[in-house]
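Enquirer: Structure below; questions to follow.
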Amino acid sequence: MNGARDILRLLKIGDNKWDVKNYNYSAIVKNLSGNDIDVIKALDNIGDGELSAIGIIIQHQDLVRNYKPRELAKDFYESVMYGFCMINYEEMRHGFILKELASLANTNKSFIDQVDGDLLHELMFETNELYKNPYESLMSYLLGEITNVELYASIERHVENEDLRNIVKSIKKDEQTHKGAWLKIIKRIVDSNEIHRENFIKATKAIHFIHQAEVSDYFKNGALSVEKYFTPSVSKFIVEEKYKLLSDIFGESPIDKKQMLIEHLEYFNKSFVA
Ligand SMILES: [Fe+2]
Ligand SMILES: [Fe+2]
């Protein structure tokens, strides 16, 4: 059974940027240069990472549902609704679009017409359990979006074809919106209650170097395949952005900037050598 295309149609996963009729990229892929074909082939695993975002939203819902006491758990209502109604929707289309482009480049066949429950079930439910509470999953989401924005910005600079560049740019714009939304949501919770503030500081220290897409084991492959787009200046900028954002949320960042850069590099070296 394959219902992915029906789901895209039924949910009308499109808006002014993404007409639902435009999940057909054959014509674009046919016109791409060798450089751009290499770019979209490298995005296959990133597409898995995008789809696994649904997995972390499911985890976040479960973490909130089971969090005690209820007086604290109820304050996560915004992140639950935003995650469920918007993030699932937008990360799902990012995943389908990137996987579709990669599949057309690799096999000349449509991913959307072939995918079945096997991969999607794995990405949604058979995910690692990296986060102990909803503070950790939410903070990881926000910090992960920073990496996403800079990755797509870097890819945009490498792409030659205008249609492909517009696709990447549209995904980047979604990620920028997600980053702004998670920031607002977290800041409101932090400012509402001292216990929330302390719990978010603890969560930040525990997970600030974990990317949200790591709920799926595809993360390392994805990060490896786009490694060349993470130039030293892009990595430095990601750390600076994270530091700025944490300072904005807490008044003072719970983690030193230099320490953050060292951990970032050590973590990536360790993950990618393994
Ligand atoms: Fe995304
Ligand atoms: Fe996102």
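Enquirer: Just need a number here: residues in region 66-110 that are more than 20 Å from Ala42 (Cα to Cα) and within 16 Å of ligand 1 (Cβ to nearest atom).
Expert: Step one: filter region 66-110 for residues more than 20 Å from Ala42 (Cα to Cα), giving 66-90.
Those left that are additionally within 16 Å of ligand 1 (Cβ to nearest atom): 82-90.
Adding up the residues that qualify gives 9.
Enquirer: Continuing with the same structure: Report, by residue number, each residue of region 122-143 that is under 15 Å from Asn88 (Cα atoms) and either crowded, with 18+ Cβ neighbours inside 10 Å or aliphatic (A, V, I, L, M) (or both). It would help to see each step written out before you state the result.
Expert: Filtering region 122-143 for residues under 15 Å from Asn88 (Cα atoms) gives 123-125, 137-138, 141-142.
Hits for region 122-143 are Leu123, Met124, Ser137, Leu138, Tyr141, Leu142.
Enquirer: Next question, about the same structure. Restrict the check to region 159-170 and report whether at least one residue is among the small types (Gly, Ala, Ser) and within 12 Å of ligand 1 (Cβ to nearest atom). Quick ask: steps written out before the conclusion?
Expert: Keep residues of region 159-170 that are among the small types (Gly, Ala, Ser), which gives 170.
Okay, now just the ones that are also within 12 Å of ligand 1 (Cβ to nearest atom), so 170.
Yes, some residue in region 159-170 is among the small types (Gly, Ala, Ser) and within 12 Å of ligand 1 (Cβ to nearest atom).
Condition check ((1) surrounded by fewer than 23 Cβ atoms within 10 Å (Cβ to Cβ); (2) part of a helix (DSSP H, G or I); (3) touching a helix residue (DSSP H, G or I) at 6+ places or on another chain (Cβ under 9 Å)) across all residues:
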| residue | (1), (2), (3) |
| --- | --- |
| Ile46 | no, yes, yes |
| Ile56 | no, yes, yes |
| Arg65 | yes, yes, yes |
| Glu71 | yes, yes, no |
| Met86 | yes, yes, yes |
| Ala105 | yes, yes, yes |
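Enquirer: Being touching a Leu at 6+ places or on another chain (Cβ under 8 Å) and of a type in the set (Gly, Ala, Ser) is the filter here; which residues of region 138-177 pass it?
Expert: Once the filter is applied, which keeps residues that are touching a Leu at 6+ places or on another chain (Cβ under 8 Å) and of a type in the set (Gly, Ala, Ser), region 138-177 yields only Ser140.
Enquirer: Looking at region 173-196, I want the residues that are at pLDDT 90 or above and have a partner that is surrounded by fewer than 18 Cβ atoms within 10 Å (Cβ to Cβ) and not in a helix (DSSP H, G or I) with Cβ atoms under 8 Å, at least 6 apart or on another chain. Which pairs are those?
Expert: Once the first residue is at pLDDT 90 or above and sits in region 173-196, its partners that are surrounded by fewer than 18 Cβ atoms within 10 Å (Cβ to Cβ) and not in a helix (DSSP H, G or I) give Lys173/Lys17.
Enquirer: Next up: Quick check on region 144-158: of everything there that is within 16 Å of ligand 1 (Cβ to nearest atom) and charged (D, E, K, R), which residue is surrounded by the fewest Cβ atoms within 10 Å (Cβ to Cβ)?
Expert: Within region 144-158, the match that is surrounded by the fewest Cβ atoms within 10 Å (Cβ to Cβ) is Glu156.
Enquirer: Could you check region 212-268 and list, in sequence order, the residues that are among the basic types (Lys, Arg) and modelled with pLDDT of 80 or more? Talk me through it step by step, then tell me what you get.
Expert: Initially, region 212-268 is screened for residues among the basic types (Lys, Arg), giving 220, 228, 236, 242, 244, 257-258.
The answer is Lys228, Lys236, Lys242, Lys244, Lys257, Lys258.
Enquirer: State all residues of region 162-200 that are more than 16 Å from ligand 2 (Cβ to nearest atom) and crowded, with 19+ Cβ neighbours inside 10 Å; if no residue qualifies, say none.
Expert: To start, the set of residues in region 162-200 that are more than 16 Å from ligand 2 (Cβ to nearest atom) comprises 162-166, 187-200.
Residues satisfying the conditions are Leu164, Ile189, Val190, Asn199, Phe200.
Enquirer: Look at Tyr243 and say whether it is closer than 24 Å to Glu91 by Cα, over 14 Å from the mean Cα position of the chain (by Cα) and surrounded by 17 or more Cβ atoms within 10 Å (Cβ to Cβ).
Expert: Values: closer than 24 Å to Glu91 by Cα: no; over 14 Å from the mean Cα position of the chain (by Cα): yes; surrounded by 17 or more Cβ atoms within 10 Å (Cβ to Cβ): yes.
No; evaluated as a whole, the condition is false for this residue.
The values are calculated or read from the model by the stated rules, or taken from the named source; none is laboratory data. Since we're looking at a predicted model, the values are computed, not measured. Cβ coordinates were reconstructed from backbone atoms using ideal geometry, including for glycine residues, and neighbour counts include every protein chain displayed.
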